[in-house]
Amino acid sequence: MIHTRNIFNLLLICVLAISSVLTACKKDDEEVPTFSDEEQQAYDHVLNLQDDVSSQLDSWFLIMDSLDAIELARQEFVNDPAVSTAIISSQGISVQYANGMRGALFLNPEDGESFGESSNTSTNNSQISNNNGLKSLVNKRQMLTLNPHYYERAGWTNYIINNQVINLPRVDIQGLNGRNDVCTLDIYADLTDYGIIQFYSHGYAWPKKDSIIDVYMLTGETVSNSTSAKYREDLNNGNVMIVESHGHNKYFISKNFIENHNDFSQDTVLIYGGFCYSFLGNWPDIVESCAQGTYFGFDWSVFTSRNAEWSVDLIDKLSDTSINRPFETQDWMTNTDLEKSYWDDIDERTVHILYSGDPSLKLWDKKIELIPLSEDGAPILVNGLPNVAYPFKCKVISPFTDLEYVWDIGDGSEPFTTTDNEVEATWTQSGIYELTVTVNNRSTGEKIGKETLTAVIGSITPTWNSVAFKLSALKAVIKCVYQPEGTTVYNDWSVDWIYDSDGDGLKPGVYQNGTFTSSWNMTDDNGWTRVGSITLHFDEQANKIVDGTIHAELSNPSGPDPDDYEFIDISINEINASNWTATDGYFSLNFNDFCNTNHITDVYHEQFHKQGSVVTNTYTLESYSCDDTSPHFHITLKTE
C-alpha cells in the first residue's frame, strides 16, 4: 500500500566550524611539539626582525619616497647576519634566512583591490543558473571553500557562497566554508574529506614574479609558537613562509605543504587555486597527488573580481543538471560565454585561467537513490512492523525534470505511479520484500533507471537475513536471502550476472545440500570477457556460511592491450551473524539489527588491477561482531 505526501525541504549550506571533530585532536599522552633552544632563538629572531622592519617602513613611508623607503627596509634585512638574501618584488620584500626559513613583507596583493578594502559586490543573478573503480566523477560529495581574507573581500566571498547555495544541491554536494582565522594550518593539513576544494586567498610570488621559484598562499592563522613548533620542518624547508601583513606575521603555505599533509591518492578531486600566480611554480603538479583530479589556477596576478566570476561560473556550469550530459572540465574551458582571459592594463599582458589534469572531470552523472526517511531507517536498516506506513524518498540526478515514479513494494500488489518523489509504503504481512522504484521521463516515456531496496517486515530466522558480494570491476553479484519466520525456509540463493544498468542477464546458481555454486562465462559487445565461479558452504542450523571461494577475471584479448586484465581470488573462512558487502572497490562488514546497531567497519580498499608479470598480495582482515564472534576474510589478489 502506497500513499504520496508533500514535504518541503530546506537546502542549507554549512559554515565550517572549527572543533575537535574537524581538526586533528591531540591525545593526552601525545608529546607537544617544541623547538630546541637554538631553533627557538632563530625563530624568535625572524619574528622580531620582520616586526621591527615593518614598523620602521611604516615610518619611512611618511617622510620619503615609497621606493626609497622599501630599499631602506631591504637594507635593514641584508645587514642582519641571520639573513641570506632580501629581494624587492612587486608584492613586497622576499627574505631568505640562513636557517632555511623564508619570510616576506607583503605590501601589495596585486588582485585589483586595495589591502583592507571590503567590497560590497552584490550577487550578479545573470551569473547564477536557476536550473537545476575511480573515474572522472568527483567521489566525495563535500566542497570546502577556504577564504582567509574575508575581512577584505567579503562581498566577493558572499557572491561565491551564494552561488554554491543555489547550485551544489543540484548535484547532491554539501558546501562548507571557512573564513578568516578559521583557515589555520591544521585545516589546510586536513582536506582529504572533500571532493571539491576552493582556495580564495592572496598569493605571493617568491622571490619575485619575474623569477618565480615558489608561489605561496595566505592562510588565516597568525603566527604562534605552538603552531610553528608543530610545523617546524615545513618552516625550515620552505613549505611554510612567515609573512608580515597588516601588522601581523601570518603563515603562507606552498603546494608542497598541501601535498605532504593530505592523501588524495584514492580520490577524484577538483581543486580551484583562487589566488595570484596560482598556476605558476609547481602548483599545477598538485593533481599528481590525486588518483584523478583537475586543478585550476592563474598564470599571473589576477583581479579578485575575475577570480570570483570564474569560480562562480565553473560551479554553475559543472552542476547544471538541466542539460543532456554533464559539463566537464574541457567543456567549461571552451564552450561557455565567459572568456577565460583578460588584458591587464597595469602589467600590460593577458592573464589566463588554466587547468591541469583530467579534461573530463565532472560533478554528476545520471543517478537514482532510494532513501528510507524513518528516524531509525526502518524497514531497511532495521526491521519494520506490519501495517505501519514507512516513508521513502527517491533522489534523482538527471537532465530531465518532468519525471514519473513507478513504485513496486514487492508484495504482489499492483505497482503505483506518481509524479511525487516521496511515498509511504505499508506491508501487511511479515516477510522480506523488494521495494523498487523505476524512474521515467514523462515527456518521452524513456526509462531513466531504477533502484531497489530490501525491506524486512517482522522477525526473521536466522538472526542475519542476507549476504551479498559485489566485485564492481568484474560485475559479479551473489545475493543470498532467507525467508521470514513462520514460512517455509527454502533458502532461495541466486547469483545475478549484471552487464547493464538495468540488471538484465541474470545467471542463476544452484543450492543443494548446504552448498551454493554458480559460474559464468560471458562476452559483451565490446569484446570484454568475464569468467568466474562462486562456491559457498552453509551451516543452516548454525546460521552461518562456513567457508567459500570466489574467482573472477576480466579480459579483452582482442582489445588494444590484450595482456591487460583483472584477476581476483577470494577465500572466505567464515561469516557468522553478519552482512558482508563490497561496493565500488570497498569491502565492509555491516552488523545486522540483532546487535541493535548499524555500525559499518571498512576493512579493505584497493583497485584490483595488475599488469605484466605475476604479482601476489595476501591480506588477512578481521572484524568483530557484537556477540564476540570474529569473522575472518582471507583475500588474495594476483595476476598471471
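Using only the Cα atoms of the range 127-256, build the gyration tensor, take square roots of its eigenvalues as a ≥ b ≥ c, and label the shape rounded, prolate or oblate: rounded if a/c is under 1.5, else prolate if a/b is larger than b/c, else oblate. Don't jump to the answer; show the numbers that get you there.
Details: a/c = 2.00, a/b = 1.66, b/c = 1.20.
Taking the square roots of the gyration eigenvalues as a ≥ b ≥ c, the range 127-256 is prolate.
How would you classify the range 276-319 from its alpha-carbon gyration tensor, with a ≥ b ≥ c the square roots of the eigenvalues: rounded for a/c under 1.5, else prolate if a/b is greater than b/c, otherwise oblate? Working shown, then result.
Working: a/c = 4.51, a/b = 1.16, b/c = 3.88.
Because a/c hits 1.5 or more and a/b fails to exceed b/c, the range 276-319 counts as oblate.
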Sort VAL388, VAL171 by heavy-atom solvent-accessible area, probe 1.4 angstrom, most to least.
VAL388, VAL171
Segments 291-298, 190-197 sorted - mean Cβ within 10 Å per residue, highest first:
291-298, 190-197
In the range 179-315 the accessible area split gives carbon plus sulfur, as whole percent at 1.4 Å, a share of 40
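On full extension of the chain, what length is gained from HIS248 through HIS537, given 0.36 nm per residue of separation minus the C-alpha to C-alpha distance?
Values: separation 289, 0.36 × 289 = 104.04 nm, distance 6.88 nm.
Extra length from HIS248 to HIS537 when fully extended: 97.2 nm.
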Using a 1.4 Å probe, what is the accessible area per residue for the range 313-375, in Å²?
49
Modelled label reach - ASN260, point 7 Å along Cα→Cβ, the range 176-219 residues with backbone N closer than 13 Å
189
I need the shape label for the range 207-258. Rule: rounded when a/c is under 1.5, else prolate if a/b > b/c, else oblate, with a, b, c from the alpha carbon gyration tensor.
oblate
For the ASP65, ARG325 Cβ pair and Förster radius 45 Å, calculated FRET efficiency rounded to 0.05 is 0.15
Distance-filtered residues of the range 255-284 - backbone nitrogen under 16 Å, label point 7 angstrom along THR85 Cα→Cβ:
281
Post the alpha-carbon centroid distance, the range 390-416 to the range 205-244, in whole angstrom.
54
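The values are calculated or read from the model by the stated rules, or taken from the named source; none is laboratory data. Computed from a predicted structure; not experimentally measured. Because the Cβ atoms are built from the backbone with ideal geometry, glycine has one as well, and the counts that use them run over all protein chains shown. Only protein heavy atoms, including side chains, enter the accessible area calculation; ligands, DNA and RNA are left aside. Shrake-Rupley method; radii C 1.70, N 1.55, O 1.52, S 1.80 Å.
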